[in-house]
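A short write-up of the structure that comes next.
The values are calculated or read from the model by the stated rules, or taken from the named source; none is laboratory data. Computed from a predicted model, the values in this text were never measured in an experiment. A quick note on method: Cβ atoms are made from the backbone with ideal geometry, for glycine too, and the neighbour counts reach across all protein chains shown.
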Amino acid sequence: MADKLNKQTHEPDLALHVEDLTVSYASKPVLWDIDLNIPPGVLAAIVGPNGAGKSTLIKTVLGLIKPTAGHVYIHGKSYKQQMSQVAYVPQRNSVDWDFPTTSLDIVTMGLYGKLGWLKRPGKKEKKQAMHALEQVAMESFAHRQISQLSGGQQQRVFLARALVQEANIYFMDEPMAGVDATTERAIINILKELRSQGKTLIIVHHDLQTVQNYFDWMVLLNVRILAQGPVKDVYTAENLAAAYGNQFALLNNMQISKETNGSNHENL
Amino acid sequence: MNLLSQPDFVIIAVGALVGIASSLLGSFLVLRKNSMLADAISHSILLGIVLVFLITKNQFSPFFILGAALIGVLTVFLTELIVKTGRVKNDAAIGLVYPFLFAIAVVLINVFARNVHIDTDAVLLGEIGFSWINTVQIAGFSVAKALVSMFLVTLLNLVFVVLFYKELKLATFDPGLAAALGFSPSFIFYSLLSLTSVTAVVAFDAVGAVLLVSFIIVPPSAAYLLTDKLWKMLFYGAIISLGSSLLGYMSAVALNVSIGGMMASFTGIFFILAFLFSPKYGLLAQEIRRKSLEEENTARTLTVHLYNHENKETSDEECRIEALDSHLRWSKEKIDKVLSYSLDKGLIRKELNNSLLQLTTKGRVYAQEVLEPWSNI
């Protein structure tokens, strides 16, 4: 029965449709009854305080964590059916960068899904990976051992690994955490370029100050969904206060000054 | 007597095959930071062996392989189960599970099989010296049994690693992405550990638990110090295993000591050599690099100092050689060193009877790299 349900098309007009999703670790819920709809072609930020369950939400959507309740549809189908259309950028510090391999090899890993079991990457895959590295301006580091890259460069390699998948929908977990200003600018330009090609991008983002400038869709999360929709509707003092609670007292002053001085964002 | 049952050759070949079979799998365990699971498995398979023996009453049976694989998987499963409580961390969980399974095995041997050949020495280091005694006839040749079985296991591991190289690499580096792309990282991981168990049980007679662990962990760790490429790490690990077996046997014979002990010692010697002399990650190379970085940093400090005072009223005072002593408080020796280094590299030049220091274009760029890192991005 459940299997049959999974094969059915459900909400095909939405890039991501999450309904009644609850996730718990050891009987403690970390995500409560999430209803989430993201239309195609947006650059969406998932924003919320530490421990809000942002990474858990993405991981559950991708089937890496089994939910206690609820269901997830991507372009109307289950993740398993849409796997080839989905690219994922995990947090940079979730892997060991001392692993003995090169940037090019890491990017090639993005193509393993299309290759399937047993088939080896060949010249064609290497070329595609090289092209993806060019897109993030990392081609000169292709044969560099990954531990020798800076944090920003490692993040670009991860981005290239997602680009090479040529997916329709991208999930990224804090791609701009701990990177320098140049890399942040480069990354956001690539994300905007992908959006202009009609792709959907769902980004866990940690920096409230840049949300308005970078994104056009916003999901405020703190264990449950507090608000979702176009940034201009969601980015309000009440919503932020609801999501961040006490922490918002600190943020508040910062935000107000930024809002009244919006032109500052343009320069970033 | 042909080569395949000749004692010297059989002992060295069995040692080398155990080493190659182990280090192939061990490389992935080391990279995955799970190498101590190999220790756990190599001990707890004793329970598998004893149970199968008690059930089949037969010392040579294919069920040993199955039993060992199951116990190996059980060891890992129990460890992960205990970790899930959240109050027992991974290392403690490993330490909880395998001594327990191992202890049950020892008690079972005591109660049911007092006259079986398993003894403590054999369990720890095996009896590789006797590996040539039991032979089988293959195509009219008498071949040591241990050689045949270890050859098959090595072949199995090699086929596994070659076939699933891509999957193993992805699941080891980034299990999250592996799962998202539809490769089950836990399936890959359990396959790896099952093969480790199979290798352990087949090698058990010959090498015992401790020698096996040293073959699983030490050659890959030494190889990891020597290269930045995964396939080279696998290859070097195999070479080091081969070398350890050969040199271990020869020196054991020469010194009339335990063969297994010498083989294990040689894996350690190879590791120490890599640890000290690896061109990139060795202690020596790092020390040399640190020294030259120190020199470079001092030179950079000088260029930054000159850059800050360039074309200012104070430049006459600040950019004198004497200022290095009176302002920067550098020792005479350090000043001589940094001046000769910087002149050598063309970062500075001396002006006005050698008393004033001036930056060259190269030196200016050198300073800017630190002060204005954004200017050359």
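Listed here are the residues, each with its yes/no results for (1) in contact with a helix residue (DSSP H, G or I) (Cβ under 7 Å, 6 or more places away or on another chain); (2) assigned by TED's automatic domain parsing to the domain that holds B:Val365; (3) at pLDDT below 80; (4) surrounded by fewer than 16 Cβ atoms within 10 Å (Cβ to Cβ).
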position	(1), (2), (3), (4)
B:Arg289	no, yes, no, yes
B:Leu302	yes, yes, no, no
B:Asn311	no, yes, yes, yes
B:Glu318	yes, yes, yes, no
B:Glu333	no, yes, no, yes
B:Leu339	no, yes, no, no
B:Ser342	yes, yes, no, no
B:Ile348	yes, yes, no, no
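Note on segment B:144-173: among residues that are of a type outside the set (A, V, I, L, M, F, W, C) and modelled with pLDDT under 95, the one that is farthest from B:Leu31 (Cα to Cα) is B:Lys145. Scanning segment B:288-330 for residues that are under 30 Å from B:Leu276 (Cα atoms) and of a type in the set (S, T, N, Q) turns up B:Ser292, B:Asn297, B:Thr298. If only residues of segment A:71-98 that are surrounded by 17 or more Cβ atoms within 10 Å (Cβ to Cβ) and assigned to a strand (DSSP E or B) are counted, the one that is nearest to the other protein chains (Cβ to nearest Cβ) is A:Tyr88. Screening segment A:130-143 for residues that are touching a residue at least 40 places away in the same chain (Cβ under 8 Å) and out of contact with any strand residue (DSSP E or B) (no Cβ under 6 Å at 6 or more places or on another chain) and picking the one that is nearest to the other protein chains (Cβ to nearest Cβ) gives A:Ala137. Which residue is farthest from B:Thr75 (Cα to Cα), if the candidates are limited to segment B:8-59 and must be part of a helix (DSSP H, G or I) and of a type in the set (D, E, K, R)? Restricting to residues being part of a helix (DSSP H, G or I) and of a type in the set (D, E, K, R), the top hit is B:Asp8. Looking only at residues of segment A:56-68 that are closer than 16 Å to A:Val86 by Cα and assigned to a helix (DSSP H, G or I), we find that the one that is nearest to the other protein chains (Cβ to nearest Cβ) is A:Lys59.
When A:Glu11, A:Glu19 are screened for being of a type in the set (D, E, K, R), surrounded by 13 or more Cβ atoms within 10 Å (Cβ to Cβ) and at pLDDT below 85, only A:Glu11 passes.
B:Leu247 meets all of the listed conditions (1) modelled with pLDDT under 95; (2) away from chain A (no Cβ under 14 Å) but one, namely (1).
Let's see how each residue does on (1) surrounded by 15 or more Cβ atoms within 10 Å (Cβ to Cβ); (2) among the aliphatic types (A, V, I, L, M); (3) part of a loop (DSSP other than H, G, I, E, B):
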{"position": "A:Pro100", "(1), (2), (3)": "yes, no, yes"}
{"position": "A:Lys114", "(1), (2), (3)": "yes, no, no"}
{"position": "A:Trp117", "(1), (2), (3)": "no, no, yes"}
{"position": "A:Glu134", "(1), (2), (3)": "no, no, no"}
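Note on segment A:139-197: residues that are in a helix (DSSP H, G or I) and farther than 25 Å from B:Leu230 by Cβ total 16.
Among the residues of segment A:178-207, those identified as modelled with pLDDT under 90, within 26 Å of A:Thr60 (Cβ to Cβ) and out of contact with any helix residue (DSSP H, G or I) (no Cβ under 7 Å at 6 or more places or on another chain) are A:His206, A:Asp207. Within segment B:154-170, the set of residues being in contact with a helix residue (DSSP H, G or I) (Cβ under 8 Å, 6 or more places away or on another chain) and more than 10 Å from chain A (Cβ to nearest Cβ) comprises B:Thr154, B:Leu156, B:Asn157, B:Leu158, B:Phe160, B:Val161, B:Leu168.
Assessment of segment B:228-237 against the conditions (out of contact with any strand residue (DSSP E or B) (no Cβ under 7 Å at 6 or more places or on another chain), within 28 Å of B:Phe173 (Cα to Cα) and not in a helix (DSSP H, G or I)) yields at least one matching residue.
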